[in-house]
Amino acid sequence: MTNDLMKARWIAQHILPHEGDVRAWIRRSLRSIEVDDLIQETYCRIARLPDHGAVQNGRAYFFATAKNVAIDLNRRARVVRMDALAELEMGEMPDDAPSPERATAGRHELRRVAGLIENLPGRCQTIFKLHKIEGLTQREIAKRLGLSENVVEKQVSRGLRLILASLENSQTDPATAKLSEINLADPKLNDRPQTHKRS
Amino acid sequence: MTGPRLINDLDQIAADWVARQDRGMTDKDEHELRDWRQQDDRHEGAYMRAQAAWVLLDRARALPATEMVVVRHNRMNRRFMLTAGAGMAAAGAGLVFGVPYLTHKRYSSGLGEIRRVPLSDGSSVTLNTLSRVRVRMTPLERSLVLESGEALFEVAKDSARPFTVLAGSVKVQAVGTAFNIIRAYDAIDVMITEGTVDVWDEAYPDLKTMRAKAGDLLTLSEGRVRLSQSLPEAQFNRLAWRSGQIIMDGEPLLQAVQRFNRFNKRTLRIDPRIADLKVVGNFKAQDPEGFAEAISAAFDLRVQSSKTEIVLRPS
């Protein structure tokens, strides 16, 4: 359990901020793959790494792992087109971009976190602020707001779900993007056929 | 579930688990979660990702209180605003002596960053690139220190609590107004965009307190003051940095270059012979390359660029 938490912290710091870029790269290079599957498998593989301290560059590691998972998925499912993988080999991996934006990454990160919470809908936002800023537990929040604990738990789950969705799209300045806009603009809201099945 | 079911249901299930875990799990829950995570690598991945997103939010606590809590546009009901306020005070102070929970706060902006900081009294400070301000709010006064850089202060009226800004030894006091202060290495510029302010220099007690009004631009340097008037349009141009722009209306090229260099790692350099060329135009502060191109085309200059700098010379 504590082990999970340590891993989650490491992932939050070194992997999560780059997800938008990794997804964009996958979409560009591997049009026929199911991005969510690939991302989830990649997180799984990263979480299973026994020693995260050995990873020097989380961003590069994220890209490299995603690529390996793509190759494995291809092997297993034989649905990803081979030429797509060839593209992947050739394609540019934008894993080293020391831009001025990166230089101020710490602050951006903070504001991004603030933005994630600010963009939650009303009651959900209130609950997240009480929890994450003031440090109240779900039970204390329920008491303070006169809600049942079940309602609070559901709101936590709902808010987290929205935040997970906005992390997918986070690239340059997520603090300015509103969740509603993201949802509407998300290409995945359109029906898309599954590209491969698991055996 | 009240949440919209979109995109990928594994994320919803993972979020459900994280929320449950945060509330407290029974043994039965623990078993179920373990089974679910082991069922499929994608489950494990979705779970770890959700858990990471959840702990990422813990960083919100590192944010200055004012930035997160004063949310005026939010449709919270009055009762809740009160309770949230009380909670904040308790959490922020963490002490029993009735110390105001906002004592000293520091805000700063990075290279190329523009940052607006709402203050607890309804005022706001907008920091230009590489600027730093310290804020102290007490029941008796609102005192700020511009430690470096440039900032626009928009002051909420509160005659009981004077609003002062110290920049170097120069002090500006305002009640219900807006003004911009620049701390350059050798001078301090105070530009008043609204209302009136009093300005004095604490290092030079002989210098009288000056009352300046909207449209005035005071430049203070080593006990000397220069007062000039600026038209509203010129003031607007001068404050274009708030939207990441640099607007030039006939100012010398050297001045444009200095403004760009405050925003960017990659510096612009010019031959002294062209320093006085008059520049007109609206440019993106973070695009010195674009600026160099436009200028070189307009004045027929030679551009030499490397990773660290862009040099402009007459051709």
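Measuring against 19 Å, Cα to Cα, the residue pairs B:Lys105/B:Lys208; B:Lys157/B:Lys213; B:Lys213/B:Lys278; A:Lys67/B:Lys307; A:Lys7/A:Lys129; B:Lys265/B:Lys307 contain B:Lys105/B:Lys208; B:Lys213/B:Lys278; A:Lys67/B:Lys307; A:Lys7/A:Lys129 as the ones spanning a longer distance.
The Cα trace of the range B:9-60 gives Rg and Dmax of 10.9, 33 Å, the first to one decimal, the second as a whole number. Each residue of the range B:120-134 was assigned a 3J(HN,Hα) from its phi angle through the Karplus expression (A = 6.51, B = -1.76, C = 1.60, θ = phi - 60°), giving 5, 8, x, 6, 8, 10, 10, 8, 7, 3, 6, 10, 9, 9, 10 Hz with x at Gly and Pro. Counting only Cα atoms, the size of the range B:224-298 along its three principal axes is 33, 29, 24 Å, in decreasing order. Each residue of the range B:222-238 was assigned a 3J(HN,Hα) from its phi angle through the Karplus expression (A = 6.51, B = -1.76, C = 1.60, θ = phi - 60°), giving 6, x, 10, 10, 10, 10, 9, 9, 10, 6, x, 5, 5, 5, 4, 4, 5 Hz with x at Gly and Pro.
Shielding value for B:33-42 is 3, the average number of Cβ atoms from other chains within 10 Å of each residue's Cβ.
Per-residue Karplus couplings for the range B:253-262, computed as 6.51 cos²θ - 1.76 cosθ + 1.60 with θ equal to phi - 60°, are listed in order as 3, 4, 5, 4, 5, 4, 5, 4, 5, 6 Hz, Gly and Pro entered as x.
Based on alpha carbons, the Rg and Dmax found for the range B:111-232 are 13.4, 38 Å.
Readers should treat all values here as calculations from the given coordinates under stated rules, not as data from a laboratory. In this text the structure is predicted, and so the values were computed from the model without any measurement. Cβ sites come from the backbone with ideal geometry, for glycine too, and all protein chains shown count toward neighbours.
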